[in-house]
Structure formats: structure tokens, C-alpha cells
Amino acid sequence: MEVRRVQKFGKSTLMVSLPADWVKEVGLNPGESIYLEVDEDGSLKVYPPNLKTEGSTKEMKVSLKSSSNADLVSRIIYSLYILGFDRVIIEKSDGPFNEDILRKIKDTVRSLIGLEIVSQDLSTIQIQSFLDPTKYNMSSLVTRLSNTLKQMLHYLNLGIKEASRTFLQEVLELEKEIDRLYYLSLRQLLLAQVNRSLAYMIGVKRIQIVGNRILMKAVEEAADEISEAVSDLLSLHPEDLEIMKYSWDRIDMIFDQTTVVIDHVVKVLNKEDVKLVNEVLEELRTLRRVLMTEALITEEKVEKTGSPRVIVVFKSLNLRLYNAIRRMEPIAEIAFNRSVENLKEISLE
């Protein structure tokens, strides 16, 4: 650690010079602005105006054989993406790629934002990331995730109301978008953990990294629950899907309330208001109780149809929606913790 003396400049200003090696490394010029941040421990952080990315490319080589598992290859690509690798070279050491592995690699790359196959031959594929991490603010990613989740609920609602397989299929497409945003968010968080300049630019505080990861996972799991409910609905025969329409009026109310609560949960993340966040937590618990009550009422109505498959799918729908609402609770709890972390005193009436 280097020690520098604080000097007086003018009547009341204190000044300390910047290390020459650091100035040279980040390419700082006279007249440019720098960013200052007071960290949680009281230390002062100094950030350059721009991220220096030259020479920081992370590359990984993956060697495969004919016996290699395609799903494992896919998981490796996902992991390298999340860990911030910019280039992945996949080589087949005993001949050309087989159809299963080739299809899996291409599907995986298409499912990740900013990733592309830049070169390919029979036994080698080079994957490159073209992401500019400074362009993806964490707050905007949270908003996009929550908005996409609400859209899933909207199309699920329409799918039941209209007995429309097209609307239900749209839910599955939106779930893929949730996954894409989720993986991008994890990549951003891990990059921010090792690059404090980037963290500052995309609005990630060190103390909030773990909470942000839990938050992203909660939304992704809620989307999974809704997606599973849709898969069950799509398994119904068209006549059985028509039967589900008769219970739509009560389901519509639950969907509306769930959308409102999701809105409230996300909005209180940036509010330092203990009482407001507590109200949202109570909203979530109340919504779960309402869902259970409505589920019992509507199940009696559905059971009168005499279709065992519809009854099973309807119960699954209620359970999945209940679980999706439960997934929102950790987000509200994170919001509550953030609302008190910077307070000097808590005063309750």
C-alpha cells in the first residue's frame, strides 16, 4: 500500500496527487473527470472515466471427443459466458462434430446475448462475445426482467381466456428471453465483482452483489414456474383447454393482483422506506392467501366438468402460480434490508 501526504490547496481545500503509474495505466489525461465513491467501510474509491479493455480478453479452449456429452458442452458454454470469457474455442480431437453436439452448441450460443460463432469448420468452432458491459445497467436489467415476467402472466391469462395455444406458446418464448437476461445479469455481476470501475458504471455496489444475484435467480425461478404451468396447459386436448375458459374470471383477478405486486416489489428496491417495503411483504402474503381461497372455490367449479385431466392441470396451475408469487418474497426481503442499511436511526410510530 502506498502512502501519500494530504496537502492544503487554497484556504480550505485538501488535495492529494494521483499515482503516476495508475494515471498511465488507465490513460487519464489532464482536464478529464474521474469518479469518486465512498465505500461501505469509509474508504474512498477513485475510478477512471473509461474502462480500459485492451489486453483483457479472456479465452478458453474446450477439447471434445465423439463420446462427449452434448448437454455438458452446453453447460460449459453457459458457465464460461457467466464467468466473463470473451472467446471460446471448441475443438473436436477425433473427427468432425456430430449432429447432436453441433446443434447443441449453436442453440446455446443463440440463447446468450452478445455471443456469436465467428468461425467454424468440421472440427473447430470459435465463439466470440461482442458485449460492451458498460451498456447494461443493473437497474435496467432488473426492470427488463420484471417487465418480461409480467408479459408472461399477461399471455398466460389471454391463453386461458381465449383457449389459445398461440398465446400460450408466446409465454414459452418470453421465458427464453428471461433466461437470456438472467445469464447476462450474472455475467455483469461477476465482472463487477472483479472490476470496480465497471461496477460503478453499471450501478452495482459491492455490498449488493449477493443480493442482486438472489434477486435475479428469484425472477428466473418465477418464470420457470409460469413456463411449467403453460407446458401443462399445452398438453391438454383442445376440448379440455376450452373447459379451462369457464374458470377464467377468477383466474383473471389473481393475475391482475400478481402483476401489481410484482410492480410494487421492483419499485421498492430503490426506496429507503421501511414501512413501504413492509407493506409490499404483507401484500405478497395476502396474495398467497387469496390465491389459496380462490383455488378451492374454482377447483369445485372445474371438478363439475368431469374431466380428470383438466382437474389435474388446474391444480398444477394454482400451485405454479403460488410458487411464482413465493419467489417474489426474497426480492422484497432484499429491498427491506437495503431500506435500513444506510439509516442512522429507525423510528417507528
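Where a number appears in this text, it was derived from the coordinates with a stated rule and is not lab data. This is a predicted model, so every value here is computed, not measured. Glycine also receives a Cβ, built like all others from the backbone with ideal geometry; neighbour counts cover every protein chain displayed.
Report the full-extension gain for the segment V210 to R285: residue separation times 0.36 nm, less the Cα-Cα distance, to one decimal in nm.
24.6 nm
Would the chain count as rounded, prolate or oblate if I go by the C-alpha gyration tensor, calling it rounded below 1.5 in a/c and otherwise prolate when a/b exceeds b/c, oblate otherwise?
Values: a/c = 3.42, a/b = 1.35, b/c = 2.53.
Cα axes put the chain in the oblate bin.
Can you compute 3J(HN,Hα) from phi for each residue in region 197-202, using the Karplus curve 6.51 cos²θ - 1.76 cosθ + 1.60 with θ = phi - 60°, rounded to whole Hz and x for Gly and Pro?
Taking θ as phi minus 60°, the curve returns 5, 4, 4, 5, 5, 9 Hz for region 197-202.
Note down the nm distance, to one decimal, between modelled labels 7 Å out along Cα→Cβ at V6 and at T166.
Calculated label separation equals 6.8 nm.
Compute the acute angle (0 to 90°) between the alpha-carbon long axis of helix 329-341 and the principal axis of greatest extent of the alpha-carbon atoms of the chain; round to the nearest 10°.
The answer is roughly 30 degrees.
Report the one residue of M138, L181, A218 whose Cα lies farthest in the direction of the positive end of the charge dipole of region 129-239 (charges on C-beta: Lys and Arg +1, Asp and Glu -1; origin at the Cα centre).
Going by the Cα projections, it comes out as M138.
So if each residue of separation counts as 0.36 nm, and I subtract the Cα-Cα distance between I34 and L348, what length gain in nm does that give?
On the way: separation 314, 0.36 × 314 = 113.04 nm, distance 4.00 nm.
Between I34 and L348, full extension yields an extra 109.0 nm.
Rounded to the nearest 500 deg cm²/dmol, what is the calculated helix-only ellipticity per residue at 222 nm for the chain, with -39500 (n - 2.57) per DSSP H run of length n ≥ 4?
On the way: 12 runs with 208 residues, N = 349.
My calculation for the chain gives -20000 deg cm²/dmol from helical runs alone.
For Cα pairs less than 8 Å apart in space and 6+ apart in sequence, what is the mean separation divided by the residue count of the chain, i.e. the relative contact order in percent?
Once normalised by length, the contact order is 14 percent.
For the Cα atoms of the chain, what angle does the longest principal axis make with the long axis of helix 308-327, in degrees from 0 to 90, nearest 10?
Tilt relative to the chain: about 20 degrees.
What order do you get for M216, M60 when you list them from fewest to most C-beta neighbours inside 10 Å?
Working: M216 24, M60 16.
Placing the least packed residue first, the sequence is M60, M216.
Do the alpha carbons of any pairs in K217/K344; K150/K176; K58/K106; K58/K205; K176/K304; K106/K176 sit beyond 26 Å of each other, and which pairs?
K217/K344; K176/K304
Tell me, what HN-Hα J-couplings in whole Hz come from the Karplus equation 6.51 cos²θ - 1.76 cosθ + 1.60 at θ = phi - 60° for each residue of region 121-137, using x for Gly and Pro?
9, 4, 10, 9, 10, 10, 10, 10, 8, 10, 6, 9, x, 6, 8, 10, 6
To make sure I understand, if each residue's beta carbon is the centre and we count other beta carbons within 10 Å, what order do I334, I160, I346 fall in, fewest to most?
I346, I334, I160
Show me, for region 289-295, the HN-Hα J-couplings you get by feeding each phi into the Karplus relation (A = 6.51, B = -1.76, C = 1.60, θ = phi - 60°), rounded to Hz, glycine and proline as x.
5, 4, 4, 5, 5, 5, 4
State to the nearest 20 debye the size of the charge dipole of the chain about its Cα centre, where the only charges are +1 on K and R beta carbons and -1 on D and E beta carbons.
Computed about the Cα centre, the dipole is about 1020 debye.
Once both axes come from the Cα atoms, what is the angle between helix 165-194 and the longest principal axis of the chain, in degrees from 0 to 90, rounded to 10?
Helix 165-194 sits at roughly 20 degrees to that axis.
Just tell me which aspartates and glutamates come within less than 20 Å, Cα to Cα, of K65; anything on the same chain fewer than 8 places away is out.
E91, D94, E99, D100, D107, D121
Evaluate the distance, in nm, between pseudo-label points positioned 7 Å from the Cα of E25 and of N69 along their respective Cα→Cβ axes.
4.1
Pull out the extension gain between K267 and D252, defined as 0.36 nm times the separation in residues minus the alpha carbon to alpha carbon distance; nm, one decimal.
3.1 nm
Let a ≥ b ≥ c be the square roots of the eigenvalues of the Cα gyration tensor of region 7-47; is it rounded (a/c under 1.5), or, if not, prolate (a/b larger than b/c) or oblate? Could the numbers behind the result be given before it?
Values: a/c = 1.98, a/b = 1.12, b/c = 1.77.
It comes out oblate by the Cα gyration axes.
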